[in-house]
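Enquirer: Structure incoming, see below.
The values are calculated or read from the model by the stated rules, or taken from the named source; none is laboratory data. On a predicted model such as this, the values are computed, not experimentally measured, just so you know. Cβ sites come from the backbone with ideal geometry, for glycine too, and all protein chains shown count toward neighbours. For the accessible areas, the whole protein counts, side chains as well, though only heavy atoms, and no ligand, DNA or RNA atoms are used. Shrake-Rupley method; radii C 1.70, N 1.55, O 1.52, S 1.80 Å.
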Amino acid sequence: MFRTLASVTLGPRAASWVQTMGSHQLQVPPPEALRKPLAVPKRLLLGPGPSNLTPRVLAASGLRMIGHMQKEALQIMDEIKQGIQYVFQTRNPLTLAVSGSGHCAMETALFNILEPGDSFLVGANGIWGQRAAEIAERIGARVYLMIKEPGGHYTLQEVEEGLAQHKPVLLFLTHGESSTGVIQPLDGYGELCHRYQCLFLVDSVASLGGVPIYMDQQEIDILYSGSQKVLNSPPGISLISFSDKAKHKIYSRKTKPVSFYTDIMCLAKLWGCEGETRMVHHTTPVISLYCLRESLALISEQGLENSWRKHRETTMYLHDRLQELGLQLFVKEPALRLPTITSVTVPAGYNWRDITNYVLDHFNIEISGGLGPSEGKVLRIGLLGCNATKENVDRLAEALREALKHCPKNKL
């Protein structure tokens with residue numbers, strides 16, 4: 001009966017289509033959970049990221065969609081490139097945003113610079129050096145680790161010894177190691193690398209906007225960062241730039257990069273870094289680009305120096321409040337403490353999960369435990385972008401005071 005009715009109403013071709021599409025019974029019903037309205041709690045995000053969005057960025061996330069290759073979208077991309085050049089302090093033409101998180105930017109850097117058999121020297125003083133090493137091993141690079149205990153950093157002498165011994169084509173250092181709360185000095189390291197015919201790659205995901213960094217003046221060849229920390233933008237998009245030296249290494253490769261999605265020669269054409277003709281490479285996350293554009297506009301209006309100063313002063317205030325509570329800072333040397341993410345030694349007798357859960361459940365404030373080599377050793381507190389205020393520090397200090405009173409403590 002249905003076949004006859006469909007033939008009369010829809011015609012033979014449409015009836016055949018209906019029969020084909022409807023030839024099986026649905027076995028998976030619509031999820032009951034999706035019948036309910038979406039509910040998201042209101043929280044103060046004082047962990048290592050993501051951070052709260054500013055009202056201006058949140059408003060940008062609600063703007064209407066446009067085609068990703070239309071002139072208005074391309075104009076937004078051009079403005080983003082200029083914003084990245086500002087926050088990186090670089091004039092590199094090969095500067096763009098990657099459609100993926102900071103991990104995707106890390107892979108973009110490594111996939112394009114390294115070829116199988118290349119020597120790669122990695123500073124592993126936290127989880128991000130470990131991740132860089134694992135990615136490089138997967139593409140066949142010869143990886144040499146300079147391992148430090150959590151809380152350590154690398155001196156020029158230590159780096160020079162590694163460069164002389166392993167003769168790498170690339171050195172990786174993390175500027176702001178978010179798993180341990182350490183800031184890595186950068187002055188002189190790029191010049192040292194170039195003396196040994198080595199490129200210099202820096203991860204600034206946790207430091208950008210909160211700590212001074214000067215890509216060109218510090219002779220950094222590849223620099224990347226993320227959107228979700230000091231920039232107060234949604235996660236899922238990242239920033240990257242390549243020097244002319246790095247570009248030459250990429251464009252003189254003997255093999256294609258292992259990933260088409262992160263092939264910088266294609267991305268450069270998509271982002272207009274190779275002239276006016278644009279390549280349709282992938283569909284960019286248009287709404288995320290709106291948000292990133294507004295984040296870069298906000299920090300440009302504020303001024304980098306003002307942002308650096310705000311993070312330094314607010315974090316020093318945080319350190320004072322933590323020490324008033326009897327808590328110990330994990331990084332002993334003040335000059336090496338990351339101004340954006342503070343690591344606190346888990347107080348003796350306490351379980352770190354009890355503390356973070358209490359602060360979240362009773363005060364709607366998110367902080368975090370350790371990550372990778374710092375897991376179980378520290379609490380991590382992020383003062384990122386708009387969240388870096390003394391009022392937020394006071395709220396957190398009160399929450400921690402109550403947590404230390406009420407959380408169970410084992411007697412040693």
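Enquirer: As a test of reading the structure, rank Met316, Met146, Met69, Met215 by solvent-accessible area (1.4 Å probe, protein chains only), most first. Display every interim value, and only then the final one.
Expert: Values: Met316 115, Met146 25, Met69 50, Met215 0 Å².
Most to least solvent-accessible, the answer reads Met316, Met69, Met146, Met215.
Enquirer: Kindly provide the helix-only [θ] at 222 nm of the chain, computed as the sum of -39,500 (n - 2.57) over DSSP H runs of four or more divided by all residues, to the nearest 500 deg cm²/dmol?
Expert: On the way: 14 runs with 167 residues, N = 412.
That comes out to -12500 deg cm²/dmol.
Enquirer: Do any cysteines in the chain lack another Cys Cβ under 4.7 Å, and if so which?
Expert: Isolated Cys, the chain: Cys104, Cys266, Cys273, Cys291, Cys386, Cys407.
Enquirer: Kindly identify segment 345-403 as rounded, prolate or oblate by the Cα gyration tensor criterion: order the square roots of the eigenvalues as a ≥ b ≥ c, call it rounded if a/c is under 1.5, otherwise compare a/b with b/c, prolate if a/b is larger, else oblate. Please report the intermediate quantities before stating the final value.
Expert: Numbers: a/c = 2.09, a/b = 1.34, b/c = 1.56.
Verdict is oblate for segment 345-403.
Enquirer: Under 5 Å between amide H atoms, partner at least 5 residues away or on a different chain: which partners does Leu199 have, H built in plane at 1.01 Å?
Expert: Leu170, Leu171
Enquirer: Any idea what diffusion coefficient the chain gets from Stokes-Einstein, in µm²/s, Kirkwood Rh on alpha carbon pairs, 20 °C, 1.002 mPa s? Numbers along the way, then the final one.
Expert: Numbers: Rh = 23.3 Å.
Value of D from the Cα-based Kirkwood radius: 92 µm²/s.
Enquirer: Here's something else I'd like to know. Which whole-Hz ³J(HN,Hα) couplings does segment 354-365 yield from phi under the Karplus relation 6.51 cos²θ - 1.76 cosθ + 1.60, θ = phi - 60°, glycine and proline marked x?
Expert: Running phi through 6.51 cos²θ - 1.76 cosθ + 1.60 with θ = phi - 60° gives 4, 5, 5, 5, 5, 5, 6, 5, 9, 10, 6, 10 Hz.
Enquirer: Related question: May I ask you to compute the full-extension gain from Met69 to Arg278, defined as 0.36 nm times their residue separation minus their alpha-carbon distance, rounded to one decimal in nm?
Expert: Numbers: separation 209, 0.36 × 209 = 75.24 nm, distance 0.85 nm.
Gain on stretching Met69 to Arg278: 74.4 nm.
Enquirer: While we're looking at this one, here's another question. Compute the accessible area per residue over segment 216-267, keeping the other protein chains in place, probe 1.4 Å, unit Å². Could the numbers behind the result be given before it?
Expert: Details: 2130 Å² over 52 residues.
Accessible area per residue, segment 216-267: 41 Å².
Enquirer: Long-range amide H contacts for Val346: which residues qualify at under 5 Å (H placed 1.01 Å from N, peptide plane, sequence gap of 5 or more or a different chain)?
Expert: Long-range HN contacts for Val346: Val378, Leu379.
Enquirer: Please tell me the relative contact order of segment 221-323 in percent, rounded to the nearest whole number, where contacts are Cα pairs under 8 Å and at least six residues apart. The partial results should precede the final answer.
Expert: Values: 68 pairs, mean separation 22.3, N = 103.
22 percent.
Enquirer: Taking each pair of distinct Cα atoms in segment 117-258 once, what is the resulting Kirkwood hydrodynamic radius in Å?
Expert: On the way: mean 1/r = 0.0650 Å⁻¹.
One over the average 1/r among Cα pairs gives 15.4 Å for segment 117-258.
Enquirer: Taking square-rooted eigenvalues a ≥ b ≥ c of the alpha carbon gyration tensor, is segment 224-361 rounded, prolate or oblate, where a/c under 1.5 means rounded and, failing that, a/b exceeding b/c means prolate? Kindly include the intermediate steps, with their values, before the conclusion.
Expert: Numbers: a/c = 2.34, a/b = 2.17, b/c = 1.08.
Prolate, because a/c is 1.5 or more and a/b exceeds b/c.
Enquirer: Another question, then. For a quick check of your reading of the filter: which trypsin sites (Lys or Arg not before Pro) in segment 164-261 sit in a DSSP loop and have no more than 12 other Cβ atoms within 10 Å? Let's see the in-between values first.
Expert: On the way: sites: Arg195, Lys229, Lys245, Lys247, Lys249, Arg253, Lys254; in loops: Lys229, Arg253, Lys254.
The qualifying sites are Lys254.
Enquirer: In Å², and per residue, what accessible area does segment 309-412 have when probed at 1.4 Å with the other protein chains present? Don't skip to the answer; put the middle values down first.
Expert: On the way: 5060 Å² over 104 residues.
For segment 309-412, the solvent-accessible area averages 49 Å² per residue.
Enquirer: A further question follows. Tell me, what is a quarter of the convex hull surface for the C-alpha atoms of segment 57-149, in nm² with one decimal?
Expert: Working: hull surface 34.2 nm².
Computed as one quarter of the Cα hull surface, the answer is 8.5 nm².
Enquirer: How many angstrom lie between the Cα centre of segment 31-83 and the Cα centre of segment 210-240?
Expert: Using only Cα atoms to place each centre, the spacing works out to 18 Å.
Enquirer: Please report the carbon-and-sulfur percent of the accessible area for segment 291-353; probe 1.4 Å, protein heavy atoms only, DNA, RNA and ligands left out. Intermediate values should be presented prior to the final figure.
Expert: Values: 1380 of 2880 Å².
On segment 291-353, the fraction of accessible area on carbon and sulfur atoms equals 48 percent.
Enquirer: Between Gly100 and residues 5 or more places away or on another chain, which pairs have amide H atoms under 5 Å apart, with H built 1.01 Å from N, and which residues are they?
Expert: Here Ile237, Ser238 satisfy the definition.
Enquirer: Moving to a separate point now. Would you list which lysines come within 25 Å of Lys390, measuring only between C-alpha atoms, while excluding same-chain residues fewer than 8 positions from it?
Expert: Within the straight-line cut-off, Lys390 pairs with Lys42, Lys229, Lys310, Lys332, Lys405.
Enquirer: Let me ask another. Return the carbon/sulfur percentage of the accessible area of segment 182-277, one whole number, probe 1.4 Å, all protein chains in place. Could you put the intermediate results ahead of the total?
Expert: Numbers: 1890 of 3640 Å².
Result for segment 182-277: 52 percent of the exposed heavy-atom area is carbon or sulfur.
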